[in-house]
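Reviewing the structure listed below.
FYI, it's all coordinate maths here, none of it is from the lab. Everything numeric in this text was worked out from a predicted model, so none of it was measured. Cβ atoms come from the backbone with ideal geometry, glycine included; neighbour counts cover every protein chain shown.
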Amino acid sequence: MITRFAPSPTGPLHLGHAYSAMFAFDMAMAAGGTFLLRMDDIDRVRSKPEFEAQAIDDLHWLGLSWPEPVMHESQSTARFQAALKRLEALDLLYPCSCSRADIANAASAPQEGVPTHGPDGQIYPGTCRNRPMSSFRDGDAIRLNMRKAIAASPLLPCFVETGSSHAGTHQLVADDLLTTIGDVAVARKGMAAAYHLCVVVDDHAQAISHVIRGADLYDATRIHVLLFHLLRLPIPIYHHHRLIRDEAGKRLAKRDDARAIAKYRADGATPNDIRQMVGLPASSI
Ligand code: GLU
């Protein structure tokens, strides 16, 4: 078993991150496997070396360790380009110059019961769908043509989820991909690739067997599974765990500095106090 924790170094780690990292670490250790750390730092504007250094320090303090070197998404550009080339060779991509406002304006009036937003934001209305890749210009995003992706996959893949809220084997369904996801961005303006492609390519590069992460990413899993499938890469097992919430039931966010691990450390908490706070058994290490 190879698990990972893949934070974006765009803010301090908080209790929710600690839970996710310790959960993935504990799972790997219990199975005699390996836990890996990856910095999802593709966003060069928001990622900061000081957040990365603090995250590594917090994780070590929590008792976690991993083989070095730590992988950095920002250094995977060649892998992302190779994956984009592969999808392009299958004729599944097109360039898109729409801004968020363009997308919002072009979206048809919502029909009752038809979703307008999916795990990749507003479902893309298809304005640029007929553009060939040869018309790509700097500043364009690149989208996956979902209809073509489905047509290229007569047997849609399934994935195994072991997290208790969705445990089971799930088959991707064409209609559902079209209506609830649509043409997702696989590269964004000015970036080598978009999150969904990065996570798939890097999880494969790290040979992750079990993707362990928060339940907030469950809906995006179908996108990842489809990308693994289109790229002919093995699909990992998924485990989405519960989210750590504040007293008001709200999910913790990066800006929630009050729950930053560094703050608890400064207040004299021990790593086992943190384990207790998030409902994990005390560490025997
Ligand atoms: N880097 C992503 C985040 O910070 C997590 C990636 C993943 O687990 O798929 O939320």
Q | Among beta bridges that DSSP assigns inside the chain, antiparallel share in %, nearest 5 | A | 55
Q) Roughly how tilted is helix 77-89, in degrees to the nearest 10 and between 0 and 90, from the longest Cα axis of the chain? A) 30
**Q.** Mean ellipticity per residue at 222 nm, deg cm²/dmol - from DSSP H runs of n ≥ 4 across the chain, formula -39500 (n - 2.57)
**A.** -10000 deg cm²/dmol
Q.
Quick test of your reading: applying the under-4.7 Å Cβ rule, which cysteines of the chain are isolated?
A. C98, C158, C198
Q) Between exposed trypsin sites (Lys or Arg not before Pro) in the chain, where DSSP calls loop and at most 11 other Cβ atoms lie within 10 Å, what's the longest gap? A) 138-231
Q. Want the number for E247 to V160: 0.36 nm per residue separation, take away the alpha-carbon distance, what's left?
A. 28.1 nm
Q: Return the sequence-ordered ³J(HN,Hα) values of the range 158-175 in whole Hz as given by the Karplus equation 6.51 cos²θ - 1.76 cosθ + 1.60 applied to θ = phi - 60°, using x for Gly and Pro.
A: 10, 9, 9, 10, 10, x, 5, 6, 9, 4, x, 9, 10, 8, 6, 10, 3, 4
Q) Pairing the Cα long axis of helix 49-61 with the longest principal axis of the chain, what angle in degrees results, from 0 to 90 and rounded to the nearest 10? A) 50
Q.
Can you give the longest run of the chain that contains no GluC sites (Glu not before Pro) sitting in a DSSP loop with at most 13 other Cβ atoms inside 10 Å?
A. 113-246
Q: Sketch the reach of a paramagnetic label on W61 as a point 7 Å from Cα along Cα-to-Cβ, and name the residues of the range 13-38 whose backbone nitrogen lies under 17 Å away.
A: 13-22
**Q.** Under-5 Å amide H pairs with H14, H placed in peptide plane, nonlocal only
**A.** I261
Q. Taking R0 as 30 Å, what's the FRET efficiency between S153 and H117 from their Cβ-Cβ distance, rounded to 0.05?
A. 0.80
**Q.** Vicinal HN-Hα couplings computed from phi for the range 224-232 (Karplus, 6.51 cos²θ - 1.76 cosθ + 1.60; Hz; Gly/Pro x)
**A.** 5, 5, 5, 5, 3, 5, 5, 8, 6
Q: Compute the long axis of helix 195-205 from its Cα atoms, compare it with the longest principal axis of the Cα atoms of the chain, and write down the angle in degrees, 0 to 90, nearest 10.
A: 60
Q: List the residues whose amide H sits under 5 Å from the amide H of I123, counting only those 5 or more places along or on another chain, with H placed 1.01 Å from N in the peptide plane.
A: H117, G118
Q. Dividing the Cα radius of gyration by the Kirkwood radius, what Rg/Rh value follows for the chain?
A. 0.98
**Q.** Under 13 Å, Cβ to Cβ, from D138 - net charge with Lys/Arg +1 and Asp/Glu -1
**A.** +2
Q: Determine the gain in length on full extension of the stretch V278-A215; use 0.36 nm per residue of separation and subtract their C-alpha separation, reporting nm with one decimal.
A: 21.2 nm
